[in-house]
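Quick notes on the structure that follows.
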Amino acid sequence: MEALSDNVLMMKVKDGDLDKMSLLFERYKRPLYGFFYGLNKEQELSEDLVQNTFLRILKYRHLFRTQGDGDFRAWMFHIARNVNNDHHRKKRVKTTKDLENWQERIGHHENQSNEMQHNEEHHMLSMAMERLAEDKREVLLLSKFEEKKYSEIGAVLGCTEGAVKVKVFRALQELKVIYKQLEKSH
């Protein structure tokens, strides 16, 4: 049996077959968690925002429209961005999580020099990402970590594919400068 596409599943949810939402949740809970964690660096908050995103998808299912491939993902990430922005607007919280605690959650093995170097590079990259403006961090998370196509990111951000390419290029350039500054200071 062929797996149903995201758009087909969402259309079934829209038409009242709410059980299909669980399939979409299973497909997208990890990518959404990664997106939120990349923005907030807080495990519990990221889990809550994933749940809130799917609740909002359910609430606004009547607004979903299909016009080709990839529409659900773009629509979902657009909602996810709004959920994240609404959370921070309501709480007026700027998240600055201790990077050492974050690094411990992903695992740290001091016995292997390669692993230590990798962890140091990862730590520096995380620090550099934290110093980027949120909009630049967001576009890099979508393009490089979530591996979204520029057209999908454009749908999420409400801009053209060309504008996304420029945003990604500029964000990468700024990230490179910040990373080199951190290397010099360490």
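Neighbour counts of C-beta atoms inside 10 Å place PHE54, PHE25 in the sequence PHE25, PHE54, starting with the fewest. A simple spin-label model places pseudo-atoms 7 Å from Cα toward Cβ; at LEU18 and ALA133 they are separated by 4.1 nm. Pairs spanning more than 29 Å between alpha-carbon atoms, out of LYS148/LYS176; LYS90/LYS184; LYS59/LYS176; LYS29/LYS149; LYS41/LYS148; LYS14/LYS149: LYS90/LYS184; LYS59/LYS176.
At what distance in angstrom do the alpha carbon centres of region 16-37 and region 160-186 lie from each other? One Cα centre to the other: 30 Å.
Counting other Cβ atoms within 10 Å as a rough exposure proxy, the listed residues PHE72, PHE145 run PHE145, PHE72 from fewest neighbours to most.
Checking every one of the GluC sites (Glu not before Pro) in region 120-183 against DSSP loop status and a limit of 11 other Cβ atoms within 10 Å picks out GLU147. Does a label point 7 Å from the Cα of GLU120, set along Cα-to-beta-carbon, have any residues of region 157-186 with amide nitrogen under 13 Å, and which are they? Residues 183-186 fall inside that zone.
Laboratory data are not the source of any read-out in this text; all were calculated from the coordinates shown. The model shown is predicted, which means the values in this text are computed figures rather than measured ones. Cβ: placed from backbone, ideal geometry, glycine included. Neighbour counts: every protein chain shown.
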